[in-house]
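Quick notes on the structure that follows.
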Amino acid sequence: MQSRGSSNKLSSMIARTRISSLLLSMFATFASIYVAGRLWQDAQTRVRLIKELDRITGYGKSAISVDDTLKIIACREQRKKLLELEMQLAAAGQEGFKSKGSTDTDDKDPKKRPLVVIGILTRFGRKNNRDAIRKAWMGTGAALKKRENEKGIITRFVIGRSANRGDSLDQDIDSENKQTNDFFILDHHVEAPKEFPNKAKLFFAYAVDKWDAEYYAKVNDDVYVNIDSLGATLATHLDKPRVYIGCMKSGDVFSEPGHKWYEPDWWKFGDKKLYFRHASGEMYVISRAPAKFISINRSILRTYAHDDVSAGSWFLGLDVKYLNEGKFCCSSWSSGAIECVLCFAGAICAGV
């Protein structure tokens, strides 16, 4: 009897042990599944967070893929083609091809299109220079209007506004313009020495919008121009739709802050520090197509410390013909006498 009771007790203990082991195994299994599930969720969460961080900061694969890179390259190629088409369209307009809806605001007869618009970039406090130019070669009143009508040569002094809009500087210019009516005032440009290159850009951009001319010339207010020689020279290039004419040069880039011709962006021109080819800033001329290009892209065309270098940079890589014309080397004809500009046979300009 005792042996049988012991046997039953032992069997009961074994059964309880098996149940406990089974329950422990089931618990361990469920615990493993739970832990694995949480780890997987945490891993997925970390992956999402990393991807989002990469997207925001621009790091990792999410910043830009190979496909994205190819799309960007294709986009740039399309933009380049678009710019070329714009140049061709402007050239076609210069040669007389127009859309049905286009009209001439300044001259309804295309045969009377002005030959050149000359912008004389001037500043506040330079009235003596302007009066000397009016007396020497520009003319005033009826003489100025007659040259526009007969020779198609439009001449204007180009100036912006004072930083203190409406002050005595602005009032003096407005008063002078009422008397002479020979200013092209850039109302949205603030006069400042460092803004001179941007001023030249705005002159071309606004002038081509206002006057549908063959050429546009930039001149400093200490340069004297032989109008007849200029007109005769430009007439010989009418068969070239995209030209950039001037006294071409490529000088040193000065990196010393105290130098007169200091270039803050000198490091962009390489170890040799030489400017690319460009026309001297005293006087240069561009045809209608490049001027239209400047007008269309005025917001993205960058400028350097000097307007002549800036202008040269705008035509890099474009289908524009550079014409090195010695008659535009104004410094070579420098003279103290105003009238002497007319003494040099064929000379177009003289600096004083």
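The values are calculated or read from the model by the stated rules, or taken from the named source; none is laboratory data. The structure presented is a predicted model; accordingly, all values stated were derived computationally and were not measured. Here Cβ is always computed from backbone atoms with ideal geometry, including for glycine, and neighbour counts include all displayed protein chains. Ligands, DNA and RNA are stripped out before the accessible areas are found, and what is left, the full protein with its side chains, is counted by its heavy atoms. Shrake-Rupley method; radii C 1.70, N 1.55, O 1.52, S 1.80 Å.
Couple of notes before you dig in:
- Accessible area (Å², 1.4 Å probe, nearest 10) - Arg134: 20 Å²
- Remark: accessible surface ordering of Ser331, Ser295 (largest first) is Ser331, Ser295, probe radius 1.4 Å.
- Accessible-area order (highest first, 1.4 angstrom probe) of the listed residues Arg302, Arg130, Arg242: Arg302, Arg242, Arg130
- Residue-count net charge about Leu230 - beta-carbon cut-off 11 Å; Lys, Arg +1, Asp, Glu -1: 0
- J(HN,Hα) series, region 151-163, from Karplus relation 6.51 cos²θ - 1.76 cosθ + 1.60, nearest Hz, glycine and proline x: 10, x, 10, 9, 10, 9, 7, 10, 8, x, 10, 6, 4
- Cα-derived Rg to Rh of region 108-158, Kirkwood definition: 1.04
- Using a probe of 1.4 Å on the protein chains alone, the accessible area found for His259 is around 70 Å².
- Ordered by 1.4 Å accessible area with all protein chains kept, Cys330, Cys247 run largest first as Cys247, Cys330.
- Too-long pairs where the Cα-Cα distance tops 27 Å, listed order kept, from Lys127/Lys249; Lys127/Lys194; Lys151/Lys292; Lys218/Lys249; Lys135/Lys194: Lys127/Lys249; Lys135/Lys194
- Each residue was assigned an accessible area with a 1.4 Å probe, and for Lys292 the value is about 60 Å².
- Straightening the chain between Gln171 and Tyr322 buys 50.3 nm, computed as 0.36 nm per residue apart minus the Cα-Cα spacing.
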